[in-house]
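Encoded as structure tokens, the structure appears first; notes follow it.
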Amino acid sequence: MTSNIAVSRTSKSRLTEELRENSTFGTNYSDHMFVADYRDGQWQDARIEPFGPMSFSPAMTALHYGQSLFEGFKAHRTADGGVAIFRPMCNHARLNRTAARLCMPDVPEDLFRDGLVELLRTDREWVPHREGGSLYIRPVYFGASDTLMVHAASRYRFVVFTSPGGPYFSQPIRLLTEETYVRAFPGGTGDAKSAGNYGGGLLAAKLAQARGYHNVMWLDGRERRFIEESGVMNIMFAINGIAITPPLSGTILPGVTRDSVLTLLREMKVRVEERPISVDEVLAAHSAGTLQEAFGIGTAAVIAPIACIGYREKDLNIPTGAPDTLSKQLHTRLTNIQTGKEPDTHNWLLTV
Ligand SMILES: Cc1ncc(COP(=O)(O)O)c(C=O)c1O
């Protein structure tokens with residue numbers, strides 16, 4: 001342990017078996033949180049304290065000028081009775097890339113890792129035991145100065161808290177191709193996990209939901225031609241035996257799950273292409289009968305099969321029921337690695 005972390009435990013744990021095993025995603029929080037503050041040019045006061053409200057000035061930078069970002073990843077119980085976090089240092093690297101984009105200081109690697117491990121050790125009993133359960137880990141980092149001057153804050157707060165969740169049985173999803181609103185554009189913040197990206201996506205998702213879809217399929221901001229993401233997940237198509245996913249060209253979020261999936265596919269000797277894929281190409285493959293699968297890829301659902309893509313007034317239905325789809329194989333392999341049922345040959349797990 002290199003960071004000096006003060007631990008102040010709650011005198012009354014809220015933990016119950018019901019909360020741990022039956023909470024729906026993102027609705028209940030574990031007993032503690034990790035907090036660190038940046039002021040006077042340095043990180044200080046790293047501490048574990050009971051999860052609860054914080055007080056801030058109404059002039060806080062994050063509220064006005066959007067210096068706010070977050071991350072998301074999971075810890076699982078493993079087959080040998082331990083607890084393991086899946087690729088957390090990839091999230092640390094992405095957090096600092098987002099921070100740089102928003103003019104925020106780096107969160108040091110040891111502060112992130114030591115705080116995370118201390119928090120997980122403190123709230124280890126909150127990690128669900130049931131098959132498919134996990135403890136979702138949410139770091140959030142924001143500007144906390146209280147001045148209305150439009151410039152980067154001089155004070156920041158970094159917080160990590162956790163939330164137990166049951167199995168995320170993702171039913172096949174329905175997406176609407178979004179041709180009006182865009183999530184990202186070249187030179188913007190599409191490849192950063194800044195809070196503002198999510199606020200800007202809510203209206204499109206709401207309008208799609210009113211039409212019976214789960215979310216939107218985002219297109220590129222310049223031509224509305226190339227497919228970028230599926231709601232808040234990365235996206236992949238299987239066409240003629242080739243797995244195709246949009247490239248990391250600056251407008252899509254570099255997903256940790258996407259990276260893991262690409263590694264597994266290459267191991268499985270599936271041909272993979274990271275390249276622009278247009279709506280026209282997907283429509284043509286669908287008409288030709290060569291569009292075999294489409295799926296979303298992200299931490300929460302791991303792999304979410306896409307059963308339907310709405311395009312203008314038409315629905316493209318995509319089969320999802322076959323027993324040995326790529327999406328099922330990938331879901332099984334990834335969750336097996338996360339839970340220690342398969343060897344962790346890539347060193348993806350941080351055990352606590
Ligand atoms: C916009 C967006 N794309 C993709 C992803 C998938 O990223 P990851 O696999 O790291 O969860 C997420 C979720 O974090 C996201 O919010």
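For residue 93, the conditions (1) out of contact with any Gly (no Cβ under 9 Å at 6 or more places or on another chain); (2) within 13 Å of the ligand (Cβ to nearest atom); (3) under 21 Å from residue 199 (Cα atoms); (4) of a type in the set (Gly, Ala, Ser) are fulfilled apart from (3).
The set of residues from the stretch 35-69 being aromatic (Phe, Trp, Tyr) and under 18 Å from residue 155 (Cβ atoms) comprises 38, 43, 56, 65. So which residues in the stretch 250-307 are in a helix (DSSP H, G or I) and β-branched (Val, Ile, Thr)? Residues satisfying the conditions are 256, 257, 261, 263, 279, 282. Among the candidates 176, 148, the residue that is within 30 Å of residue 306 (Cβ to Cβ), modelled with pLDDT of 95 or more and touching a helix residue (DSSP H, G or I) at 6+ places or on another chain (Cβ under 8 Å) is uniquely 176. Kindly indicate whether any position in the stretch 248-255 is touching a Leu at 6+ places or on another chain (Cβ under 9 Å), modelled with pLDDT of 95 or more and aliphatic (A, V, I, L, M). No, every residue in the stretch 248-255 fails to be touching a Leu at 6+ places or on another chain (Cβ under 9 Å), modelled with pLDDT of 95 or more and aliphatic (A, V, I, L, M). Considering the stretch 234-257, and only residues there that are within 13 Å of the ligand (Cβ to nearest atom) and more than 14 Å from residue 190 (Cβ to Cβ), the residue that is surrounded by the most Cβ atoms within 10 Å (Cβ to Cβ) turns out to be 236.
Mind listing just one residue for me: the one in the stretch 308-326 that is buried (at least 20 other Cβ atoms within 10 Å of the Cβ) and touching a residue at least 60 places away in the same chain (Cβ under 8 Å) and, of those, nearest to residue 231 (Cα to Cα)? Going through the qualifying residues, I end up with 309.
The requirement of being outside any strand (DSSP E or B), modelled with pLDDT of 95 or more and more than 16 Å from the ligand (Cβ to nearest atom) is fulfilled nowhere in the stretch 188-205; no residue meets it. Mind listing whichever residues of the stretch 308-340 are part of a loop (DSSP other than H, G, I, E, B) and either under 23 Å from the mean Cα position of the chain (by Cα) or of a type in the set (Ser, Thr, Tyr) (or both)? Of everything in the stretch 308-340, those that are part of a loop (DSSP other than H, G, I, E, B) and either under 23 Å from the mean Cα position of the chain (by Cα) or of a type in the set (Ser, Thr, Tyr) (or both) turn out to be 320, 325, 339, 340. Against the test of being β-branched (Val, Ile, Thr), under 30 Å from residue 124 (Cβ atoms), in contact (Cβ under 8 Å) with a residue 40 or more places away in the chain and surrounded by fewer than 16 Cβ atoms within 10 Å (Cβ to Cβ), the options 263, 335, 339, 345 yield a single qualifying residue, 263.
When residues in the stretch 81-107 are screened for being farther than 28 Å from residue 128 by Cβ and either among the hydroxyl-bearing types (Ser, Thr, Tyr) or surrounded by 18 or more Cβ atoms within 10 Å (Cβ to Cβ) (or both), 6 of them pass. Taken over the stretch 287-300, the residue count meeting the criterion of being buried (at least 18 other Cβ atoms within 10 Å of the Cβ) and either modelled with pLDDT of 95 or more or in contact with a His (Cβ under 9 Å, 6 or more places away or on another chain) (or both) is 9.
Check the stretch 104-113 and report whether any residue there is within 15 Å of the ligand (Cβ to nearest atom) and among the β-branched types (Val, Ile, Thr). Within the stretch 104-113, none of the residues are within 15 Å of the ligand (Cβ to nearest atom) and among the β-branched types (Val, Ile, Thr).
Checked against (1) under 19 Å from the mean Cα position of the chain (by Cα); (2) closer than 26 Å to residue 334 by Cα, residue 67 passes all but condition (2).
The values are calculated or read from the model by the stated rules, or taken from the named source; none is laboratory data. Note that the structure is a prediction, hence the values are computed from the model and not measured. For neighbour counting, all protein chains shown are included, and Cβ atoms are generated from backbone atoms with ideal geometry for every residue, glycine included.
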